[in-house]
1. In segment B:202-219, what count of residues is obtained for those that are more than 25 Å from the chain's Cα centre (by Cα) and either closer than 20 Å to residue B:108 by Cβ or not assigned by TED's automatic domain parsing to the domain that holds residue B:142 (or both)?
2. Please report, ordered by residue number, the helices (runs of 4 or more DSSP H) entirely within segment A:24-124 with at least 2 residues that are within 12 Å of DNA strand D (Cβ to nearest atom).
3. Starting from segment B:65-78, take each residue that is more than 9 Å from chain A (Cβ to nearest Cβ) and under 22 Å from residue A:64 (Cα atoms) and list its partners that are near DNA strand D (Cβ under 6 Å from one of its atoms) and modelled with pLDDT under 95, counting only C-beta distances under 8 angstrom and pairs at least six apart or across chains.
4. At least 2 residues that are away from every other protein chain (no Cβ under 12 Å) and surrounded by 22 or more Cβ atoms within 10 Å (Cβ to Cβ) in each: list the helices (runs of 4 or more DSSP H) lying fully within segment B:132-224 that qualify.
5. Taking the condition within 8 Å of another protein chain (Cβ to nearest Cβ), surrounded by fewer than 21 Cβ atoms within 10 Å (Cβ to Cβ), over 22 Å from the mean Cα position of the chain (by Cα) and within 15 Å of DNA strand C (Cβ to nearest atom), does residue A:41 pass?
6. Cβ-Cβ below 8 Å, separation at least six or inter-chain, first residue in segment A:157-186 and on the phi > 0 side of the Ramachandran plot, second in a helix (DSSP H, G or I): which pairs?
7. Residue under question is residue A:14, and the condition is that it be surrounded by fewer than 17 Cβ atoms within 10 Å (Cβ to Cβ), more than 22 Å from residue B:18 (Cβ to Cβ) and either modelled with pLDDT under 95 or within 13 Å of DNA strand C (Cβ to nearest atom) (or both); does it hold?
8. Looking at (1) closer than 22 Å to residue A:26 by Cα; (2) in the same structural domain as residue A:221 (by TED's automatic domain parsing), which one does residue A:68 not meet, given that it meets all the others?
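The values are calculated or read from the model by the stated rules, or taken from the named source; none is laboratory data. In this text, all values refer to a predicted model and were calculated from it rather than measured experimentally. Quick reminder, even Gly has a Cβ in these numbers, built from the backbone with ideal geometry, and neighbours come from all protein chains shown.
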DNA sequence: ATATTTTTAAACATCTGATATTTAAAATAT
DNA sequence: ATATTTTAAATATCAGATGTTTAAAAATAT
(Lines give C-alpha, C1' and ligand atoms only; values in the text may rest on other atoms or scores of the structure.)
Protein backbone atom coordinates (compact mmCIF):
# COMPACT_ATOMS: atom_id res chain seq x y z
CA UNK A 1 0.00 0.00 0.00
CA UNK A 2 1.63 3.18 -1.19
CA UNK A 3 1.67 5.91 1.50
CA UNK A 4 -2.01 6.27 2.24
CA UNK A 5 -1.24 9.37 4.29
CA UNK A 6 -0.56 11.27 1.10
CA UNK A 7 -3.94 10.56 -0.42
CA UNK A 8 -6.35 11.63 2.25
CA UNK A 9 -6.44 14.96 4.00
CA UNK A 10 -6.63 14.68 7.73
CA UNK A 11 -10.18 15.33 8.84
CA UNK A 12 -10.16 17.95 11.53
CA UNK A 13 -13.56 19.51 11.52
CA UNK A 14 -17.13 18.42 11.28
CA UNK A 15 -18.49 21.89 11.29
CA UNK A 16 -21.68 22.26 9.34
CA UNK A 17 -20.56 25.52 7.79
CA UNK A 18 -17.35 23.92 6.52
CA UNK A 19 -19.30 21.09 4.98
CA UNK A 20 -21.49 23.61 3.15
CA UNK A 21 -18.46 25.65 2.06
CA UNK A 22 -16.92 22.49 0.66
CA UNK A 23 -20.06 21.58 -1.25
CA UNK A 24 -20.61 25.01 -2.77
CA UNK A 25 -16.95 25.56 -3.62
CA UNK A 26 -16.95 22.12 -5.22
CA UNK A 27 -20.00 22.98 -7.28
CA UNK A 28 -18.30 26.15 -8.49
CA UNK A 29 -15.02 24.41 -9.29
CA UNK A 30 -16.87 21.65 -11.11
CA UNK A 31 -18.63 24.30 -13.14
CA UNK A 32 -22.09 23.46 -11.85
CA UNK A 33 -22.42 27.02 -10.64
CA UNK A 34 -21.33 29.78 -12.97
CA UNK A 35 -20.38 33.43 -12.63
CA UNK A 36 -23.43 35.52 -11.86
CA UNK A 37 -25.53 32.59 -10.70
CA UNK A 38 -27.63 33.47 -7.71
CA UNK A 39 -27.72 31.00 -4.85
CA UNK A 40 -30.91 30.50 -2.86
CA UNK A 41 -31.61 32.94 -0.04
CA UNK A 42 -30.16 32.12 3.35
CA UNK A 43 -33.54 31.02 4.62
CA UNK A 44 -34.31 28.78 1.66
CA UNK A 45 -30.90 27.12 1.46
CA UNK A 46 -30.77 26.62 5.22
CA UNK A 47 -34.10 24.82 4.93
CA UNK A 48 -32.90 22.76 1.99
CA UNK A 49 -29.73 21.72 3.85
CA UNK A 50 -31.72 21.20 7.03
CA UNK A 51 -29.49 23.50 9.05
CA UNK A 52 -29.96 26.74 10.91
CA UNK A 53 -29.67 30.12 9.26
CA UNK A 54 -26.55 30.97 11.26
CA UNK A 55 -24.63 27.94 10.04
CA UNK A 56 -25.51 28.76 6.48
CA UNK A 57 -24.61 32.42 6.97
CA UNK A 58 -21.16 31.45 8.19
CA UNK A 59 -20.64 29.34 5.09
CA UNK A 60 -21.65 32.23 2.84
CA UNK A 61 -19.27 34.53 4.75
CA UNK A 62 -16.35 32.18 4.25
CA UNK A 63 -17.09 31.77 0.56
CA UNK A 64 -17.26 35.54 0.32
CA UNK A 65 -13.88 35.76 2.03
CA UNK A 66 -12.51 33.34 -0.57
CA UNK A 67 -13.78 35.77 -3.19
CA UNK A 68 -16.12 33.18 -4.67
CA UNK A 69 -19.36 34.89 -3.67
CA UNK A 70 -20.64 38.42 -3.59
CA UNK A 71 -23.44 39.01 -1.16
CA UNK A 72 -25.83 41.81 -1.84
CA UNK A 73 -28.45 43.18 0.47
CA UNK A 74 -31.89 44.40 -0.42
CA UNK A 75 -34.60 43.16 -2.72
CA UNK A 76 -33.27 40.98 -5.54
CA UNK A 77 -30.11 40.73 -3.48
CA UNK A 78 -28.58 37.51 -2.30
CA UNK A 79 -25.44 35.47 -2.87
CA UNK A 80 -23.98 35.58 -6.38
CA UNK A 81 -21.13 33.51 -7.75
CA UNK A 82 -18.24 35.82 -8.56
CA UNK A 83 -14.93 35.55 -10.34
CA UNK A 84 -12.16 35.64 -7.73
CA UNK A 85 -10.41 38.96 -8.15
CA UNK A 86 -6.77 39.86 -7.88
CA UNK A 87 -7.30 41.89 -4.72
CA UNK A 88 -8.41 38.79 -2.83
CA UNK A 89 -5.22 37.00 -3.85
CA UNK A 90 -2.98 39.98 -3.14
CA UNK A 91 -4.47 40.49 0.32
CA UNK A 92 -3.86 36.82 1.03
CA UNK A 93 -0.26 37.16 -0.02
CA UNK A 94 0.18 40.23 2.17
CA UNK A 95 -1.00 38.10 5.09
CA UNK A 96 1.31 35.25 4.08
CA UNK A 97 4.39 37.38 3.54
CA UNK A 98 3.85 39.22 6.81
CA UNK A 99 4.77 36.07 8.71
CA UNK A 100 7.27 34.85 6.14
CA UNK A 101 8.93 38.26 6.14
CA UNK A 102 11.15 37.68 3.10
CA UNK A 103 14.33 39.70 2.75
CA UNK A 104 14.78 42.35 0.09
CA UNK A 105 17.20 39.94 -1.56
CA UNK A 106 14.51 37.28 -1.84
CA UNK A 107 12.16 39.66 -3.59
CA UNK A 108 14.89 40.98 -5.85
CA UNK A 109 16.06 37.53 -6.88
CA UNK A 110 12.69 36.47 -8.25
CA UNK A 111 12.34 39.83 -9.98
CA UNK A 112 15.68 39.35 -11.73
CA UNK A 113 14.48 35.99 -13.00
CA UNK A 114 11.16 37.19 -14.35
CA UNK A 115 11.09 40.84 -15.31
CA UNK A 116 14.13 40.95 -17.65
CA UNK A 117 12.50 38.10 -19.60
CA UNK A 118 9.11 39.75 -19.48
CA UNK A 119 10.42 42.98 -20.93
CA UNK A 120 12.03 41.04 -23.80
CA UNK A 121 8.64 39.72 -24.86
CA UNK A 122 7.20 43.14 -24.23
CA UNK A 123 9.68 44.78 -26.63
CA UNK A 124 8.29 42.62 -29.43
CA UNK A 125 4.62 43.23 -28.67
CA UNK A 126 4.48 46.79 -27.39
CA UNK A 127 2.36 49.35 -29.27
CA UNK A 128 2.88 53.09 -29.58
CA UNK A 129 -0.11 53.58 -27.34
CA UNK A 130 1.52 51.46 -24.64
CA UNK A 131 4.68 53.54 -24.92
CA UNK A 132 2.66 56.73 -24.50
CA UNK A 133 1.10 55.27 -21.40
CA UNK A 134 4.49 54.43 -19.92
CA UNK A 135 5.91 57.85 -20.79
CA UNK A 136 2.95 59.52 -19.19
CA UNK A 137 3.41 57.34 -16.12
CA UNK A 138 6.99 58.57 -15.83
CA UNK A 139 6.03 62.26 -16.14
CA UNK A 140 3.39 61.80 -13.47
CA UNK A 141 6.04 60.22 -11.31
CA UNK A 142 8.46 63.08 -11.82
CA UNK A 143 5.80 65.49 -10.65
CA UNK A 144 5.37 63.46 -7.50
CA UNK A 145 8.91 62.74 -6.42
CA UNK A 146 8.04 64.13 -3.02
CA UNK A 147 4.79 62.26 -2.48
CA UNK A 148 5.97 58.73 -1.85
CA UNK A 149 2.45 57.42 -1.53
CA UNK A 150 1.59 58.38 -5.06
CA UNK A 151 4.94 57.12 -6.26
CA UNK A 152 4.21 53.63 -5.05
CA UNK A 153 1.03 53.43 -7.06
CA UNK A 154 2.72 54.79 -10.16
CA UNK A 155 5.66 52.45 -9.72
CA UNK A 156 3.29 49.49 -9.47
CA UNK A 157 1.32 50.69 -12.46
CA UNK A 158 4.51 50.96 -14.55
CA UNK A 159 5.60 47.38 -13.95
CA UNK A 160 2.03 46.13 -14.21
CA UNK A 161 1.62 47.74 -17.62
CA UNK A 162 4.76 46.08 -18.92
CA UNK A 163 3.83 42.64 -17.66
CA UNK A 164 0.28 42.94 -18.95
CA UNK A 165 1.63 43.41 -22.47
CA UNK A 166 2.90 39.82 -22.35
CA UNK A 167 -0.74 38.71 -22.03
CA UNK A 168 0.24 35.95 -19.62
CA UNK A 169 -2.18 35.93 -16.72
CA UNK A 170 0.06 33.73 -14.57
CA UNK A 171 3.06 36.01 -14.94
CA UNK A 172 0.90 39.09 -14.41
CA UNK A 173 -0.39 37.69 -11.16
CA UNK A 174 3.11 36.90 -9.93
CA UNK A 175 4.73 40.17 -10.94
CA UNK A 176 1.92 42.25 -9.51
CA UNK A 177 1.91 40.30 -6.27
CA UNK A 178 5.65 40.59 -5.79
CA UNK A 179 5.37 44.29 -6.63
CA UNK A 180 2.65 44.80 -4.04
CA UNK A 181 4.59 42.92 -1.40
CA UNK A 182 7.70 44.94 -2.16
CA UNK A 183 5.77 48.19 -1.93
CA UNK A 184 4.77 47.19 1.58
CA UNK A 185 8.43 46.79 2.45
CA UNK A 186 9.29 50.14 0.85
CA UNK A 187 6.59 51.87 2.83
CA UNK A 188 8.44 50.95 6.00
CA UNK A 189 11.65 52.48 4.72
CA UNK A 190 12.07 56.22 4.40
CA UNK A 191 12.84 56.56 0.72
CA UNK A 192 14.77 59.73 -0.01
CA UNK A 193 14.57 62.01 -2.98
CA UNK A 194 17.63 60.52 -4.65
CA UNK A 195 16.05 57.07 -4.60
CA UNK A 196 12.90 58.31 -6.26
CA UNK A 197 14.88 60.10 -8.96
CA UNK A 198 16.82 56.91 -9.57
CA UNK A 199 13.59 54.98 -10.06
CA UNK A 200 12.36 57.51 -12.61
CA UNK A 201 15.67 57.37 -14.43
CA UNK A 202 15.58 53.57 -14.59
CA UNK A 203 12.06 53.59 -15.93
CA UNK A 204 13.05 56.11 -18.60
CA UNK A 205 15.88 53.93 -19.85
CA UNK A 206 13.60 50.90 -20.00
CA UNK A 207 11.01 52.81 -22.01
CA UNK A 208 13.80 54.11 -24.24
CA UNK A 209 14.85 50.57 -25.09
CA UNK A 210 11.23 49.54 -25.59
CA UNK A 211 10.70 52.43 -27.99
CA UNK A 212 13.60 51.10 -30.02
CA UNK A 213 11.98 47.63 -29.85
CA UNK A 214 15.31 46.30 -28.61
CA UNK A 215 14.64 43.24 -26.42
CA UNK A 216 18.17 42.71 -25.20
CA UNK A 217 18.72 46.34 -24.34
CA UNK A 218 15.38 46.50 -22.56
CA UNK A 219 16.25 43.35 -20.65
CA UNK A 220 19.60 44.74 -19.55
CA UNK A 221 18.03 48.02 -18.45
CA UNK A 222 15.37 46.20 -16.52
CA UNK A 223 17.93 44.05 -14.72
CA UNK A 224 19.98 47.14 -13.91
CA UNK A 225 16.89 48.89 -12.61
CA UNK A 226 15.92 46.00 -10.35
CA UNK A 227 19.41 45.80 -8.90
CA UNK A 228 19.53 49.56 -8.41
CA UNK A 229 16.26 49.46 -6.53
CA UNK A 230 17.59 46.68 -4.32
CA UNK A 231 20.79 48.59 -3.65
CA UNK A 232 18.81 51.71 -2.91
CA UNK A 233 16.53 49.91 -0.50
CA UNK A 234 19.42 48.28 1.29
CA UNK A 235 21.16 51.64 1.53
CA UNK A 236 18.03 53.15 3.04
CA UNK A 237 18.75 51.17 6.14
CA UNK A 238 22.38 51.27 7.17
CA UNK A 239 23.49 47.74 7.95
CA UNK A 240 21.25 44.75 7.56
CA UNK A 241 17.85 45.44 8.98
CA UNK A 242 14.62 43.52 8.95
CA UNK A 243 11.00 44.33 9.14
CA UNK A 244 9.89 43.18 12.55
CA UNK A 245 6.44 42.16 13.60
CA UNK A 246 6.01 45.51 15.28
CA UNK A 247 6.52 47.22 11.95
CA UNK A 248 9.65 48.91 13.21
CA UNK A 249 13.02 48.54 11.62
CA UNK A 250 15.78 47.13 13.74
CA UNK A 251 19.18 45.65 13.07
CA UNK A 252 19.13 42.05 11.95
CA UNK A 253 21.04 40.20 14.59
CA UNK A 254 21.17 37.13 12.42
CA UNK A 255 19.45 33.83 12.94
CA UNK B 1 -5.23 67.90 -5.81
CA UNK B 2 -3.61 64.81 -7.22
CA UNK B 3 -6.14 62.08 -8.10
CA UNK B 4 -7.97 61.60 -4.84
CA UNK B 5 -9.65 58.54 -6.24
CA UNK B 6 -6.40 56.66 -6.05
CA UNK B 7 -5.89 57.30 -2.36
CA UNK B 8 -9.10 56.13 -0.82
CA UNK B 9 -10.71 52.76 -1.24
CA UNK B 10 -14.34 52.92 -2.16
CA UNK B 11 -16.41 52.22 0.90
CA UNK B 12 -18.91 49.54 0.11
CA UNK B 13 -19.88 47.93 3.35
CA UNK B 14 -20.63 48.96 6.86
CA UNK B 15 -21.00 45.46 8.13
CA UNK B 16 -20.05 45.09 11.73
CA UNK B 17 -18.21 41.84 11.08
CA UNK B 18 -16.10 43.48 8.39
CA UNK B 19 -15.18 46.29 10.71
CA UNK B 20 -14.04 43.77 13.31
CA UNK B 21 -12.12 41.75 10.71
CA UNK B 22 -10.38 44.94 9.66
CA UNK B 23 -9.43 45.83 13.21
CA UNK B 24 -8.11 42.40 14.16
CA UNK B 25 -6.25 41.90 10.89
CA UNK B 26 -4.74 45.35 11.37
CA UNK B 27 -3.62 44.47 14.88
CA UNK B 28 -1.96 41.31 13.57
CA UNK B 29 -0.27 43.10 10.67
CA UNK B 30 0.93 45.86 12.98
CA UNK B 31 2.40 43.21 15.24
CA UNK B 32 0.17 44.00 18.19
CA UNK B 33 -1.06 40.44 18.12
CA UNK B 34 1.51 37.70 17.73
CA UNK B 35 1.47 34.06 16.69
CA UNK B 36 -0.12 31.94 19.39
CA UNK B 37 -1.86 34.84 21.08
CA UNK B 38 -5.31 33.94 22.22
CA UNK B 39 -8.09 36.38 21.51
CA UNK B 40 -10.91 36.85 24.02
CA UNK B 41 -13.79 34.40 23.86
CA UNK B 42 -16.64 35.22 21.52
CA UNK B 43 -18.81 36.29 24.42
CA UNK B 44 -16.21 38.54 25.99
CA UNK B 45 -15.06 40.22 22.81
CA UNK B 46 -18.62 40.71 21.62
CA UNK B 47 -19.30 42.50 24.90
CA UNK B 48 -16.12 44.58 24.59
CA UNK B 49 -17.00 45.62 21.03
CA UNK B 50 -20.62 46.13 22.02
CA UNK B 51 -21.92 43.83 19.31
CA UNK B 52 -23.80 40.57 19.26
CA UNK B 53 -22.16 37.19 19.42
CA UNK B 54 -23.21 36.37 15.85
CA UNK B 55 -21.51 39.40 14.36
CA UNK B 56 -18.33 38.58 16.20
CA UNK B 57 -18.52 34.93 15.18
CA UNK B 58 -18.73 35.92 11.53
CA UNK B 59 -15.61 38.05 11.91
CA UNK B 60 -13.75 35.14 13.51
CA UNK B 61 -14.87 32.88 10.67
CA UNK B 62 -13.58 35.23 8.02
CA UNK B 63 -10.24 35.66 9.79
CA UNK B 64 -10.05 31.89 10.00
CA UNK B 65 -10.72 31.69 6.25
CA UNK B 66 -7.85 34.14 5.71
CA UNK B 67 -5.68 31.70 7.66
CA UNK B 68 -4.95 34.29 10.34
CA UNK B 69 -6.81 32.54 13.14
CA UNK B 70 -7.23 29.01 14.32
CA UNK B 71 -10.37 28.39 16.29
CA UNK B 72 -10.39 25.56 18.78
CA UNK B 73 -13.37 24.21 20.62
CA UNK B 74 -13.50 23.00 24.18
CA UNK B 75 -11.99 24.20 27.43
CA UNK B 76 -8.89 26.36 26.94
CA UNK B 77 -10.02 26.63 23.35
CA UNK B 78 -10.75 29.87 21.57
CA UNK B 79 -9.31 31.92 18.73
CA UNK B 80 -5.54 31.84 18.34
CA UNK B 81 -3.42 33.95 16.02
CA UNK B 82 -1.80 31.67 13.47
CA UNK B 83 0.85 31.98 10.80
CA UNK B 84 -0.86 31.89 7.40
CA UNK B 85 0.08 28.59 5.83
CA UNK B 86 0.86 27.71 2.26
CA UNK B 87 -2.30 25.66 1.85
CA UNK B 88 -4.46 28.72 2.38
CA UNK B 89 -2.58 30.55 -0.37
CA UNK B 90 -2.59 27.60 -2.73
CA UNK B 91 -6.31 27.05 -2.30
CA UNK B 92 -6.86 30.72 -3.06
CA UNK B 93 -4.82 30.41 -6.21
CA UNK B 94 -6.76 27.35 -7.29
CA UNK B 95 -9.92 29.44 -6.99
CA UNK B 96 -8.32 32.32 -8.87
CA UNK B 97 -6.89 30.21 -11.69
CA UNK B 98 -10.16 28.35 -12.12
CA UNK B 99 -11.74 31.50 -13.52
CA UNK B 100 -8.57 32.77 -15.16
CA UNK B 101 -8.07 29.38 -16.79
CA UNK B 102 -4.52 29.99 -18.05
CA UNK B 103 -3.23 28.01 -21.00
CA UNK B 104 -0.52 25.40 -20.69
CA UNK B 105 1.73 27.85 -22.51
CA UNK B 106 1.19 30.49 -19.85
CA UNK B 107 2.22 28.08 -17.10
CA UNK B 108 5.19 26.82 -19.10
CA UNK B 109 6.45 30.29 -19.88
CA UNK B 110 6.79 31.31 -16.26
CA UNK B 111 8.39 27.98 -15.46
CA UNK B 112 11.03 28.51 -18.14
CA UNK B 113 11.85 31.87 -16.58
CA UNK B 114 12.21 30.64 -13.04
CA UNK B 115 13.15 27.00 -12.73
CA UNK B 116 16.25 26.96 -14.96
CA UNK B 117 17.63 29.80 -12.82
CA UNK B 118 16.56 28.10 -9.62
CA UNK B 119 18.36 24.92 -10.50
CA UNK B 120 21.55 26.89 -11.19
CA UNK B 121 21.58 28.17 -7.62
CA UNK B 122 20.60 24.73 -6.48
CA UNK B 123 23.63 23.15 -8.17
CA UNK B 124 25.89 25.31 -6.00
CA UNK B 125 24.11 24.67 -2.72
CA UNK B 126 22.90 21.08 -2.99
CA UNK B 127 24.10 18.51 -0.45
CA UNK B 128 24.60 14.78 -0.90
CA UNK B 129 21.60 14.22 1.32
CA UNK B 130 19.46 16.34 -0.99
CA UNK B 131 20.66 14.31 -3.96
CA UNK B 132 19.73 11.09 -2.18
CA UNK B 133 16.28 12.50 -1.55
CA UNK B 134 15.84 13.37 -5.22
CA UNK B 135 17.13 9.98 -6.38
CA UNK B 136 14.76 8.27 -4.01
CA UNK B 137 11.94 10.40 -5.32
CA UNK B 138 12.69 9.22 -8.84
CA UNK B 139 12.78 5.54 -7.86
CA UNK B 140 9.44 5.95 -6.11
CA UNK B 141 8.12 7.54 -9.25
CA UNK B 142 9.35 4.72 -11.45
CA UNK B 143 7.50 2.26 -9.25
CA UNK B 144 4.32 4.23 -9.74
CA UNK B 145 4.31 5.02 -13.42
CA UNK B 146 0.83 3.57 -13.61
CA UNK B 147 -0.68 5.38 -10.66
CA UNK B 148 -0.98 8.93 -11.96
CA UNK B 149 -2.36 10.22 -8.70
CA UNK B 150 0.74 9.29 -6.79
CA UNK B 151 2.90 10.56 -9.60
CA UNK B 152 1.50 14.07 -9.24
CA UNK B 153 2.52 14.24 -5.60
CA UNK B 154 5.99 12.91 -6.34
CA UNK B 155 6.39 15.29 -9.26
CA UNK B 156 5.42 18.23 -7.03
CA UNK B 157 7.74 17.01 -4.31
CA UNK B 158 10.64 16.80 -6.75
CA UNK B 159 10.36 20.38 -7.93
CA UNK B 160 9.56 21.60 -4.43
CA UNK B 161 12.72 20.01 -3.07
CA UNK B 162 14.85 21.73 -5.68
CA UNK B 163 13.35 25.13 -5.11
CA UNK B 164 13.55 24.80 -1.35
CA UNK B 165 17.31 24.37 -1.63
CA UNK B 166 17.52 27.98 -2.82
CA UNK B 167 16.15 29.05 0.57
CA UNK B 168 14.10 31.79 -1.05
CA UNK B 169 10.61 31.77 0.42
CA UNK B 170 9.19 33.97 -2.31
CA UNK B 171 10.42 31.72 -5.09
CA UNK B 172 9.33 28.61 -3.21
CA UNK B 173 5.83 29.97 -2.89
CA UNK B 174 5.65 30.79 -6.59
CA UNK B 175 7.11 27.55 -7.89
CA UNK B 176 4.97 25.43 -5.62
CA UNK B 177 1.84 27.36 -6.53
CA UNK B 178 2.46 27.09 -10.26
CA UNK B 179 3.24 23.42 -9.77
CA UNK B 180 -0.02 22.84 -7.91
CA UNK B 181 -2.01 24.71 -10.51
CA UNK B 182 -0.37 22.74 -13.29
CA UNK B 183 -1.10 19.47 -11.53
CA UNK B 184 -4.76 20.42 -11.57
CA UNK B 185 -4.55 20.84 -15.33
CA UNK B 186 -2.72 17.53 -15.70
CA UNK B 187 -5.37 15.76 -13.70
CA UNK B 188 -7.91 16.65 -16.36
CA UNK B 189 -5.74 15.20 -19.09
CA UNK B 190 -5.26 11.48 -19.45
CA UNK B 191 -1.50 11.18 -19.13
CA UNK B 192 -0.23 8.05 -20.81
CA UNK B 193 2.60 5.77 -19.81
CA UNK B 194 5.06 7.34 -22.24
CA UNK B 195 4.51 10.74 -20.69
CA UNK B 196 5.24 9.49 -17.23
CA UNK B 197 8.41 7.73 -18.39
CA UNK B 198 9.51 10.96 -20.03
CA UNK B 199 9.03 12.86 -16.77
CA UNK B 200 11.14 10.32 -14.90
CA UNK B 201 13.83 10.54 -17.54
CA UNK B 202 13.90 14.33 -17.37
CA UNK B 203 14.19 14.27 -13.60
CA UNK B 204 17.07 11.78 -13.83
CA UNK B 205 19.04 14.01 -16.15
CA UNK B 206 18.50 17.01 -13.88
CA UNK B 207 19.70 15.09 -10.86
CA UNK B 208 22.65 13.86 -12.91
CA UNK B 209 23.72 17.41 -13.61
CA UNK B 210 23.15 18.39 -9.99
CA UNK B 211 25.34 15.51 -8.83
CA UNK B 212 28.10 16.93 -11.00
CA UNK B 213 27.40 20.37 -9.47
CA UNK B 214 27.15 21.71 -13.00
CA UNK B 215 24.82 24.75 -12.96
CA UNK B 216 24.66 25.31 -16.68
CA UNK B 217 24.05 21.68 -17.50
CA UNK B 218 21.38 21.46 -14.80
CA UNK B 219 19.77 24.60 -16.17
CA UNK B 220 19.69 23.25 -19.70
CA UNK B 221 18.24 19.93 -18.55
CA UNK B 222 15.59 21.71 -16.54
CA UNK B 223 14.59 23.85 -19.48
CA UNK B 224 14.44 20.81 -21.71
CA UNK B 225 12.32 19.01 -19.13
CA UNK B 226 9.86 21.86 -18.84
CA UNK B 227 9.45 22.11 -22.59
CA UNK B 228 9.07 18.33 -22.88
CA UNK B 229 6.33 18.37 -20.28
CA UNK B 230 4.58 21.15 -22.16
CA UNK B 231 4.85 19.27 -25.43
CA UNK B 232 3.62 16.12 -23.76
CA UNK B 233 0.64 17.87 -22.25
CA UNK B 234 -0.28 19.50 -25.52
CA UNK B 235 0.05 16.16 -27.26
CA UNK B 236 -2.27 14.59 -24.72
CA UNK B 237 -5.07 16.58 -26.21
CA UNK B 238 -5.03 16.44 -29.98
CA UNK B 239 -5.49 19.96 -31.26
CA UNK B 240 -5.73 22.97 -29.00
CA UNK B 241 -8.04 22.31 -26.12
CA UNK B 242 -8.92 24.19 -23.00
CA UNK B 243 -10.20 23.35 -19.59
CA UNK B 244 -13.76 24.55 -19.52
CA UNK B 245 -15.77 25.58 -16.54
CA UNK B 246 -17.51 22.24 -16.63
CA UNK B 247 -14.19 20.50 -16.17
CA UNK B 248 -14.48 18.85 -19.54
CA UNK B 249 -11.96 19.23 -22.29
CA UNK B 250 -13.17 20.68 -25.53
CA UNK B 251 -11.53 22.15 -28.61
CA UNK B 252 -10.37 25.73 -28.21
CA UNK B 253 -12.29 27.62 -30.85
CA UNK B 254 -10.14 30.68 -30.30
CA UNK B 255 -11.14 33.97 -28.76
C1' DA C 1 -48.11 60.08 -20.98
C1' DT C 2 -44.17 61.12 -18.27
C1' DA C 3 -41.69 62.01 -14.31
C1' DT C 4 -41.43 61.98 -9.57
C1' DT C 5 -42.46 60.22 -5.18
C1' DT C 6 -44.09 56.75 -2.11
C1' DT C 7 -44.89 52.23 -0.82
C1' DT C 8 -43.80 47.58 -0.53
C1' DA C 9 -41.64 43.16 -0.21
C1' DA C 10 -37.60 40.28 -0.55
C1' DA C 11 -33.30 39.53 1.31
C1' DC C 12 -29.54 40.38 4.18
C1' DA C 13 -27.82 42.29 8.98
C1' DT C 14 -28.10 42.15 13.69
C1' DC C 15 -29.56 40.85 18.15
C1' DT C 16 -31.10 37.75 22.00
C1' DG C 17 -31.04 33.75 24.41
C1' DA C 18 -31.21 28.89 24.77
C1' DT C 19 -29.16 24.21 24.13
C1' DA C 20 -25.63 20.87 22.53
C1' DT C 21 -20.97 19.42 21.99
C1' DT C 22 -16.16 19.44 22.64
C1' DT C 23 -12.09 19.37 25.26
C1' DA C 24 -8.63 20.00 28.72
C1' DA C 25 -8.11 20.16 33.35
C1' DA C 26 -9.48 18.93 37.94
C1' DA C 27 -11.31 15.61 41.04
C1' DT C 28 -11.90 11.00 42.27
C1' DA C 29 -11.38 6.18 42.55
C1' DT C 30 -8.49 2.21 41.97
C1' DA D 1 0.90 6.44 40.41
C1' DT D 2 -2.75 5.36 37.13
C1' DA D 3 -7.11 5.19 35.30
C1' DT D 4 -11.61 6.97 35.37
C1' DT D 5 -15.10 10.36 36.11
C1' DT D 6 -16.60 14.95 36.66
C1' DT D 7 -16.56 19.66 35.65
C1' DA D 8 -16.23 24.06 33.49
C1' DA D 9 -14.94 27.00 29.70
C1' DA D 10 -15.47 27.66 25.09
C1' DT D 11 -17.24 26.91 20.61
C1' DA D 12 -21.25 24.98 17.60
C1' DT D 13 -25.83 25.03 16.54
C1' DC D 14 -30.46 26.30 16.71
C1' DA D 15 -34.79 29.26 16.84
C1' DG D 16 -37.02 33.37 16.30
C1' DA D 17 -37.44 38.35 16.51
C1' DT D 18 -36.32 42.91 14.73
C1' DG D 19 -33.77 46.28 11.87
C1' DT D 20 -31.97 47.89 7.39
C1' DT D 21 -31.24 47.96 2.45
C1' DT D 22 -32.59 47.97 -2.00
C1' DA D 23 -34.94 47.48 -6.26
C1' DA D 24 -39.14 47.11 -8.11
C1' DA D 25 -43.93 48.18 -8.09
C1' DA D 26 -47.51 51.34 -7.16
C1' DA D 27 -49.24 55.73 -6.47
C1' DT D 28 -49.08 60.39 -7.34
C1' DA D 29 -48.08 64.72 -9.42
C1' DT D 30 -46.93 67.28 -13.49
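1. 1
2. Values: elements: A:42-49, A:53-65, A:86-100.
The helices (runs of 4 or more DSSP H) meeting that bar are A:42-49, A:53-65.
3. Going by the 8 Å Cβ cut-off, the qualifying pairs are B:71/B:77.
4. On the way: elements: B:148-165, B:169-188, B:193-211.
Qualifying helices (runs of 4 or more DSSP H): B:148-165, B:193-211.
5. On the way: within 8 Å of another protein chain (Cβ to nearest Cβ): no; surrounded by fewer than 21 Cβ atoms within 10 Å (Cβ to Cβ): yes; over 22 Å from the mean Cα position of the chain (by Cα): yes; within 15 Å of DNA strand C (Cβ to nearest atom): yes.
Spelling it out, it is not the case that residue A:41 is within 8 Å of another protein chain (Cβ to nearest Cβ), surrounded by fewer than 21 Cβ atoms within 10 Å (Cβ to Cβ), over 22 Å from the mean Cα position of the chain (by Cα) and within 15 Å of DNA strand C (Cβ to nearest atom).
6. A:167/A:125
7. Numbers: surrounded by fewer than 17 Cβ atoms within 10 Å (Cβ to Cβ): yes; more than 22 Å from residue B:18 (Cβ to Cβ): yes; either modelled with pLDDT under 95 or within 13 Å of DNA strand C (Cβ to nearest atom) (or both): yes.
Yes, satisfied.
8. It is condition (2) that residue A:68 fails.
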